1. Could you order the peptides 288-301, 383-396 from most to least packed, using the average number of other C-beta atoms within 10 Å per residue?
2. Computed over the Cα atoms of region 1-55, what is the ratio Rg over Rh, Rh following Kirkwood?
3. With viscosity set to 0.692 mPa s at 37 °C, what whole-number translational diffusion coefficient in µm²/s follows for region 253-416 from Stokes-Einstein and a Kirkwood radius over Cα pairs?
4. Could you list MET370, MET161 in order of exposure, starting from the residue whose Cβ has the fewest other Cβ atoms within 10 Å?
5. Springs between alpha-carbon pairs under 10 angstrom, Gaussian network model over the chain: which of PRO104, PRO201, PRO327 fluctuates most?
6. Note the angle between two axes, namely the Cα long axis of helix 386-429 and the longest principal axis of the Cα atoms of the chain, as a number of degrees from 0 to 90, rounded to the nearest 10.
7. Quick check on the chain: helices-only [θ] at 222 nm, where DSSP H runs of length 4 and up contribute -39,500 (n - 2.57) each and the sum goes over total residues. Nearest 500, please.
8. Once both axes come from the Cα atoms, what is the angle between helix 162-177 and the longest principal axis of the chain, in degrees from 0 to 90, rounded to 10?
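Values quoted throughout were computed directly from the atomic coordinates according to the rules given, and no laboratory measurement underlies them. Predicted model only: the values in this text are computed from it and were never measured. Counting neighbours? That spans all protein chains shown, and the Cβs are built from the backbone with ideal geometry, glycine included.
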Amino acid sequence: MPGRREAHAMAWMALAAGVILCAASVLLGFQGRTFMGRPLGGDFVEFYTIGKILNAYPPARIYDLEFAVRLQHEALPTMPETQMLVFAQAPYLGWLFRPFALLPYAWAYVAWLGFSAALYIAGLRVLFNAVRLTPQDRRTGFLLALSWAPFLFETWIGGQMAAVVFFIWALFLWCIQNDRRFLAGLALSLCLFKPTLVALPAAMLLLGRRWRVASGLAVGGALVALISAATVGWDGCRAWASTLGFGAQVATGAGDAWHRAKYVDMAAFFHLLFGNSAALAAVAMIILSVVALGSLGRAWWRADGLGSNELWAATLCFTLVVNAYAPIYDTVLAVAAVALLAAKRQGWPEQERPEKDREAFAGWLVLLYMIPWITQSFAEFLHLQLITVVLAGIGVWALRLANRSMRLSGALRLTHSKTKREESTTTHQLQPWAAGRFKVRSRGLP
């Protein structure tokens, strides 16, 4: 297995390549040219347009697809004529992009590059402080997370907002680690602009009877709903619901392999694997969903407190896989899962099979870092999305660790309870008067 030295070298090379490619793209973009056939900013023009509509037009028009697409091509003339980007996020998110829309598009993209990188780094600091990683693990974690392809190329250069999602989840996990339950729910509610990344964790919180966290999520959900209604009005909220339905049809329907290669959820995985056979994909999805959610739900039902690091790591991985829509840039959540497992690794020497656990962790980490470099090519040409398999494997392994930890904790509690009962029985049998009588009677013994 490669060690820290090899990991740092690989990370620095990836970062250098990413920065060089990004600089070339920006320089050509200011000249009105594409870079390797791609217009400047990737998907950022979608969010830039939303901010522009909120700044200068009736707010409800952010879900007017024809109008939004026309503004996208006006802001970015190098965008292909047949391309359109659909904004399906909640209305309250549009406030984030209003300041960027005050700038010309190229400068707005440069500002977004700085903002998303700073937010992602801040999220890493919050996360690593929350799980209390060692200084060595923090340095390695920063380099690997910043140079990981789903962030560096798909999120940062691609103009996506997965850094916002990551920062919200980092805040949530910080609250969980510090036992701020209601505040944790409020933090998670900020991610409701992507319901697909909140539905499974919310269901596990309810199943695990974490009522204070769930109540915080409910209160936060009500607040963001009110903000959304105040932003675009009720007509705009209804338009958002219609856009969500349209997006669901596109996500779950048949599609070309080059398009499906961008998604890591099991819906896209089985559509690729079975050649867009809806019946086979549906059967496979139902079977695996029942097995995965049943196993995860059983663990949450049995877990104590707010859940172990391993259980949250499994939940994050299953959130990406057991899903109907999970683009590859959303896999930045797997960074949080790895951090949780890395922090728990420090306690493995006290458990069973510590060496095998360390080897397994190193193996999964290598696969998770390396596979994204080739997974889209495999998905497009061989119809096999490798990153989905890796995420599912990490989730299953983390769930096994969580179940084992619960068994060990249960055995320790049982042993402790038995010891206390024995001590209580011994104390009851040897009362002071009984002990004194024993001493008196024992004086006559030879």
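1. Per-residue Cβ counts within 10 Å, averaged per peptide and sorted highest first, yield 383-396, 288-301.
2. With Rh from the inverse mean 1/r over Cα pairs, Rg/Rh is 1.22.
3. This corresponds to a translational diffusion coefficient of 197 µm²/s.
4. Going from least to most buried by this count: MET370, MET161.
5. PRO104
6. Helix 386-429 sits roughly 20 degrees off the main axis of the chain.
7. -23500 deg cm²/dmol
8. So the helix axis and the longest Cα principal axis differ by about 20 degrees.
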